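The values are calculated or read from the model by the stated rules, or taken from the named source; none is laboratory data. Note that the structure is a prediction, hence the values are computed from the model and not measured. All Cβ positions, glycine included, derive from the backbone under ideal geometry; neighbour counts span all protein chains shown. Quick note on the areas: whole protein, heavy atoms, side chains included, nothing else; ligands and nucleic acids left out. Shrake-Rupley method; radii C 1.70, N 1.55, O 1.52, S 1.80 Å.
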Amino acid sequence: MTWIAPEVDRRTEPYVADERSMLQGWLDRHRDTLLTKCAGLTPEQLVRASAEPSNLTLLGLVRHMAEVERSWFRTRVAGQKIGDLYFTDEQPDSDFENLDTAGAEEAFAVLRAECAAADQAVAHRALDDTFTMADGRVISLRWVYIHMIEEYARHNGHADLLRERIDGVTG
(Lines give C-alpha, C1' and ligand atoms only; values in the text may rest on other atoms or scores of the structure.)
Protein backbone atom coordinates (compact mmCIF):
# COMPACT_ATOMS: atom_id res chain seq x y z
CA MET A 1 0.00 0.00 0.00
CA THR A 2 1.32 3.43 -0.94
CA TRP A 3 1.77 6.01 1.79
CA ILE A 4 -0.37 9.14 1.36
CA ALA A 5 0.36 12.46 3.11
CA PRO A 6 -2.08 12.57 6.04
CA GLU A 7 -4.92 15.01 6.54
CA VAL A 8 -4.17 17.75 9.06
CA ASP A 9 -6.45 19.33 11.64
CA ARG A 10 -5.23 22.87 11.02
CA ARG A 11 -5.19 24.90 14.22
CA THR A 12 -6.81 28.31 14.32
CA GLU A 13 -4.62 31.22 15.36
CA PRO A 14 -5.72 33.07 18.50
CA TYR A 15 -7.66 36.29 18.01
CA VAL A 16 -6.94 37.65 21.49
CA ALA A 17 -3.90 36.50 23.44
CA ASP A 18 -0.67 37.61 25.06
CA GLU A 19 2.25 38.16 22.70
CA ARG A 20 3.91 34.76 23.18
CA SER A 21 0.66 32.86 22.67
CA MET A 22 -0.13 34.95 19.60
CA LEU A 23 3.28 34.27 18.02
CA GLN A 24 3.11 30.56 18.84
CA GLY A 25 -0.44 30.35 17.54
CA TRP A 26 0.43 31.94 14.20
CA LEU A 27 3.53 29.76 13.86
CA ASP A 28 1.46 26.64 14.57
CA ARG A 29 -1.16 27.75 12.04
CA HIS A 30 1.52 28.14 9.36
CA ARG A 31 3.12 24.81 10.25
CA ASP A 32 -0.24 23.12 9.82
CA THR A 33 -0.89 25.00 6.58
CA LEU A 34 2.19 23.55 4.90
CA LEU A 35 1.15 20.04 5.86
CA THR A 36 -2.42 20.76 4.73
CA LYS A 37 -1.11 21.71 1.28
CA CYS A 38 0.43 18.22 1.05
CA ALA A 39 -2.49 16.23 2.48
CA GLY A 40 -3.82 13.46 0.27
CA LEU A 41 -0.87 13.41 -2.11
CA THR A 42 1.32 10.44 -2.97
CA PRO A 43 5.09 10.55 -2.68
CA GLU A 44 5.28 10.81 -6.47
CA GLN A 45 3.10 13.92 -6.38
CA LEU A 46 5.07 15.41 -3.48
CA VAL A 47 8.34 15.24 -5.45
CA ARG A 48 6.82 16.68 -8.64
CA ALA A 49 8.34 20.00 -9.67
CA SER A 50 5.05 21.36 -10.96
CA ALA A 51 5.98 25.00 -11.62
CA GLU A 52 8.68 24.72 -14.26
CA PRO A 53 11.39 25.84 -14.64
CA SER A 54 11.64 25.84 -10.82
CA ASN A 55 12.74 22.61 -9.18
CA LEU A 56 10.70 23.46 -6.08
CA THR A 57 8.54 20.62 -4.74
CA LEU A 58 6.20 20.13 -1.80
CA LEU A 59 8.49 17.49 -0.32
CA GLY A 60 11.42 19.87 -0.71
CA LEU A 61 9.48 22.50 1.25
CA VAL A 62 8.71 20.01 4.02
CA ARG A 63 12.38 19.07 4.28
CA HIS A 64 13.48 22.72 4.11
CA MET A 65 11.18 23.76 6.93
CA ALA A 66 12.40 20.89 9.11
CA GLU A 67 15.95 22.15 8.55
CA VAL A 68 14.92 25.75 9.29
CA GLU A 69 13.05 24.80 12.48
CA ARG A 70 16.15 22.95 13.72
CA SER A 71 18.56 25.68 12.70
CA TRP A 72 16.80 28.68 14.24
CA PHE A 73 15.22 27.31 17.40
CA ARG A 74 17.46 24.46 18.45
CA THR A 75 20.90 25.32 17.09
CA ARG A 76 20.91 29.11 17.29
CA VAL A 77 18.52 30.04 20.11
CA ALA A 78 18.98 27.02 22.37
CA GLY A 79 22.63 26.44 21.44
CA GLN A 80 22.15 22.71 20.95
CA LYS A 81 25.12 21.02 19.32
CA ILE A 82 23.26 18.99 16.73
CA GLY A 83 24.02 18.45 13.09
CA ASP A 84 22.06 19.54 10.08
CA LEU A 85 19.35 17.32 8.66
CA TYR A 86 19.97 17.75 4.94
CA PHE A 87 22.37 20.66 4.48
CA THR A 88 26.00 19.96 3.64
CA ASP A 89 28.81 22.32 2.70
CA GLU A 90 29.08 20.51 -0.63
CA GLN A 91 25.34 20.69 -1.28
CA PRO A 92 23.72 23.55 0.66
CA ASP A 93 20.35 23.09 -1.11
CA SER A 94 20.12 19.37 -0.41
CA ASP A 95 16.85 19.87 1.48
CA PHE A 96 15.32 20.79 -1.89
CA GLU A 97 17.38 18.30 -3.89
CA ASN A 98 18.07 14.57 -3.81
CA LEU A 99 14.42 13.83 -3.20
CA ASP A 100 13.34 10.23 -3.09
CA THR A 101 9.72 9.14 -2.98
CA ALA A 102 10.72 6.45 -0.47
CA GLY A 103 11.70 9.18 2.01
CA ALA A 104 8.44 11.12 1.96
CA GLU A 105 6.83 9.56 5.02
CA GLU A 106 10.04 9.97 7.00
CA ALA A 107 10.38 13.63 5.97
CA PHE A 108 6.90 14.37 7.32
CA ALA A 109 7.74 12.64 10.60
CA VAL A 110 11.00 14.60 10.80
CA LEU A 111 9.20 17.92 10.32
CA ARG A 112 6.69 17.12 13.05
CA ALA A 113 9.49 16.01 15.38
CA GLU A 114 11.54 19.14 14.66
CA CYS A 115 8.54 21.39 15.37
CA ALA A 116 7.97 19.65 18.71
CA ALA A 117 11.68 19.78 19.57
CA ALA A 118 11.85 23.46 18.58
CA ASP A 119 8.92 24.31 20.84
CA GLN A 120 10.47 22.40 23.72
CA ALA A 121 13.89 24.00 23.19
CA VAL A 122 12.51 27.53 23.65
CA ALA A 123 9.56 26.93 25.98
CA HIS A 124 11.41 28.26 29.03
CA ARG A 125 12.98 31.23 27.23
CA ALA A 126 11.63 34.76 27.18
CA LEU A 127 10.93 36.55 23.91
CA ASP A 128 13.61 39.08 24.87
CA ASP A 129 16.28 36.36 25.26
CA THR A 130 19.06 36.86 22.72
CA PHE A 131 21.86 34.97 21.03
CA THR A 132 24.76 36.14 18.88
CA MET A 133 25.11 35.06 15.28
CA ALA A 134 28.49 34.17 13.78
CA ASP A 135 28.55 37.58 12.07
CA GLY A 136 28.10 39.38 15.41
CA ARG A 137 24.40 40.26 15.09
CA VAL A 138 22.45 39.93 18.31
CA ILE A 139 19.00 38.48 17.69
CA SER A 140 16.06 37.95 20.04
CA LEU A 141 13.76 34.97 20.28
CA ARG A 142 10.93 37.36 19.34
CA TRP A 143 12.71 38.05 16.04
CA VAL A 144 13.06 34.30 15.42
CA TYR A 145 9.32 33.76 15.90
CA ILE A 146 8.51 36.56 13.48
CA HIS A 147 11.09 35.31 10.99
CA MET A 148 9.70 31.78 11.17
CA ILE A 149 6.16 33.01 10.58
CA GLU A 150 7.44 34.96 7.56
CA GLU A 151 9.40 31.94 6.32
CA TYR A 152 6.36 29.69 6.49
CA ALA A 153 4.08 32.33 4.96
CA ARG A 154 6.40 32.73 1.97
CA HIS A 155 6.79 29.01 1.44
CA ASN A 156 3.09 28.36 2.00
CA GLY A 157 2.49 30.69 -0.95
CA HIS A 158 4.82 28.50 -2.98
CA ALA A 159 2.96 25.44 -1.72
CA ASP A 160 -0.36 26.96 -2.85
CA LEU A 161 0.91 27.24 -6.40
CA LEU A 162 2.59 23.85 -6.45
CA ARG A 163 -0.50 22.09 -5.13
CA GLU A 164 -2.80 23.79 -7.61
CA ARG A 165 -0.51 22.74 -10.46
CA ILE A 166 -0.40 19.14 -9.23
CA ASP A 167 -4.11 18.42 -8.89
CA GLY A 168 -6.07 21.68 -9.04
CA VAL A 169 -6.71 21.85 -5.29
CA THR A 170 -6.84 25.40 -3.92
CA GLY A 171 -7.60 26.95 -0.56
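Worth pointing out:
- Whenever a residue of region 122-148 is over 13 Å from residue 78 (Cα atoms) and open to solvent by less than 20 Å² (accessible area, probe 1.4 Å), its partners that are among the aromatic types (Phe, Trp, Tyr) and not in a loop (DSSP other than H, G, I, E, B), lying with C-beta atoms within less than 9 angstrom and at least six residues away or across chains, give the pairs 145/26; 148/72; 148/73.
- The set of residues in region 85-105 being surrounded by fewer than 12 Cβ atoms within 10 Å (Cβ to Cβ) and of a type in the set (Asp, Glu) consists of 89, 90, 100.
- When restricted to residues that are closer than 16 Å to residue 35 by Cβ and in a loop (DSSP other than H, G, I, E, B), region 96-124 contains 0.
- Candidates 75, 36, filtered to the one that is buried (at least 16 other Cβ atoms within 10 Å of the Cβ), of a type in the set (S, T, N, Q) and touching a Lys or Arg at 6+ places or on another chain (Cβ under 6 Å): 36
- Condition met for residue 71 (in contact (Cβ under 8 Å) with a residue 12 or more places away in the chain, not in a helix (DSSP H, G or I) and not charged (D, E, K, R)): no
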